[in-house]
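Engineer: Mind having a look at this structure? Questions to follow.
Just so it is clear, none of the values below were taken in a lab; they were calculated from the coordinates. A quick note: this is a predicted structure, and the numbers were derived from the prediction, not measured. Here the Cβ positions follow ideal geometry from the backbone for every residue, glycine too, while neighbour counts run over all protein chains shown.
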Amino acid sequence: MDGSGGVAEWFRQGPAKPRTPVRFRSPPPGLDLLSALRLASMPMLGSTDQKASPPEASSAGSKRSHGGMPFAIELKAVSKSFGTVQALRGIDLVVTPGEVMAFLGPNGAGKTSTIDIVLGLSHPSSGEVSVYGMEPRQAVSKGLVSAVMQTGGLLKDLTVAETVRYISKLFGQSRPAAEVMERAGITEIAERRVGKCSGGEQQRLRFAIALLPDPELLILDEPTQGMDVEGRREFWKAIRQDAAKGRTIVFATHYLEEADAYADRVVLIARGRIVADGTAVEVKSLAAGRTVRATLPGADPVALRAVPGADSVEVRGDTVLIHSSDADNVARFLLNQTAAYDLEITARGLEEAFVALTSDGDGETSPKEFVP
Ligand SMILES: Nc1ncnc2c1ncn2[C@@H]1O[C@H](COP(=O)(O)OP(=O)(O)OP(=O)(O)O)[C@@H](O)[C@H]1O
Ligand SMILES: [Mg+2]
């Protein structure tokens, strides 16, 4: 998979699939099944809205992109606070129909907070959100959006097929259980008890459930967390085959490799702000470079910054950390021109790249420091 659009094509080949109207009705009482189904447990499920194709933008100047079609997602200056915690600090984001977008960021960056807002599970403290030009809950109730969440209580004693059939009964109309199980690659384990399924199989089951309303937009919040390599591969294979039919996909992940392999657009979020938005290749270049660490009492940061290849310098007590695109040159300088010892050179991880992108040195963040 190269960065020249191969991923996008791979996801998008084939015509957009025909849409079948889906009607919702109230869930059976006491059926607290799934969390996939944090969505299914929402009061709006009682709505009798007809499943709709994404609406045409109706009036000039309204939320639209795309030849008169509304954006799949549009966030404008969205902020979210939990007490004193500022989880989101002004998120502007547009996702156009058909995109496969990875939302990449370290723990606590704000990925789930953003996704919850897009799904109508929480509301922004300020700013605006629209999904297919409407309120998130309305879009969910129309079957335009569904989600595979990070965790969620599947009932262990049901089989895979029983679970899908029960959930499908929450909807007046949905895709057939057999079809979504096939798409999610779980037909062969249909009669297996959920409690016996691996983590990866359970995630594919959540995926099958999310497909029941045949959504235009599928949102996945770290769907492969905790899975082994094989589980991840199987999971993404199923998503990939489904996405080829034209579904818009947004997924949150910690893993750059996952974003690289499965998304054609990567949005980096750190400390509640979007710090970069581009192709996986562009994002990978952010994490390029290495960090040279050494013990150097009395280090002069100004002199170190002047060393060719030194991108940024941190001095912590007797330790210096130099982020560099030319670590060899920095190491040579430290060893030959200074009294530095205990040298270590490490690859710069994404986490460090995020910090480098957003830190202005006093703990505050400053997205404008990012220059792609
Ligand atoms: N209900 C809540 N109450 C208080 N703080 C919260 C709540 N939900 C999220 N936060 C805080 O908001 C920030 C963003 O959290 P969020 O869950 O959106 O991050 P994330 O990017 O999804 O992280 P992870 O990769 O660990 O899932 C964190 O500092 C988190 O502790
Ligand atoms: Mg999260």
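Engineer: In nm, to one decimal, how far is the modelled label at SER285 from the one at LYS76, with both set 7 Å along Cα→Cβ?
Structural biologist: Label at SER285, label at LYS76, 3.2 nm between them.
Engineer: Rounded to whole Å, give me the distance from the Cα center of segment 321-345 to that of segment 197-274.
Structural biologist: 40 Å
Engineer: Also, quick follow-up: Highest mean first, how do 261-274, 301-314 rank when packing is the count of other Cβ atoms within 10 Å averaged over residues? Working shown, then result.
Structural biologist: Values: 261-274: 23.5, 301-314: 15.7.
Packing proxy ranking, top to bottom: 261-274, 301-314.
Engineer: Can I ask one more? Given H placed 1.01 Å from N in the peptide plane, which residues other than close sequence neighbours of ARG265 have an amide H under 5 Å from its amide H?
Structural biologist: VAL100, ALA102
Engineer: Between VAL229 and GLU257, what is the label-to-label distance in nm when each label sits 7 Å out along the Cα-to-Cβ direction?
Structural biologist: 0.7 nm
Engineer: Please compare each pair in LYS237/LYS284; LYS156/LYS284; LYS142/LYS284; LYS111/LYS142 to a cut-off of 28 Å on the Cα-Cα distance and tell me which ones are over it.
Structural biologist: Details: LYS237/LYS284 23 Å; LYS156/LYS284 40 Å; LYS142/LYS284 37 Å; LYS111/LYS142 24 Å.
Cα-Cα > 28 Å for LYS156/LYS284; LYS142/LYS284; rest within.
Engineer: May I pose another question? With just the Cα atoms defining each centre, how far is segment 166-181 from segment 292-318? Give it in Å.
Structural biologist: About 60 Å separates the Cα centre of segment 166-181 from the one of segment 292-318.
Engineer: Mind checking Rg over Rh on segment 289-347, alpha carbons, Kirkwood formula for Rh? Let's see the in-between values first.
Structural biologist: Numbers: Rg = 9.6 Å, Rh = 10.8 Å.
Result for segment 289-347 is an Rg/Rh of 0.89.
Engineer: Of all the Cα-Cα pairs you can form in segment 154-239, what percent are over 15 Å apart? Kindly include the intermediate steps, with their values, before the conclusion.
Structural biologist: Details: 1934 of 3655 pairs.
That fraction is 53 percent.
Engineer: Taking a spot 7 Å from the Cα of GLU344 along the direction of its beta carbon, which residues of segment 290-316 have an amide N less than 19 Å from it?
Structural biologist: 290-299, 312-316
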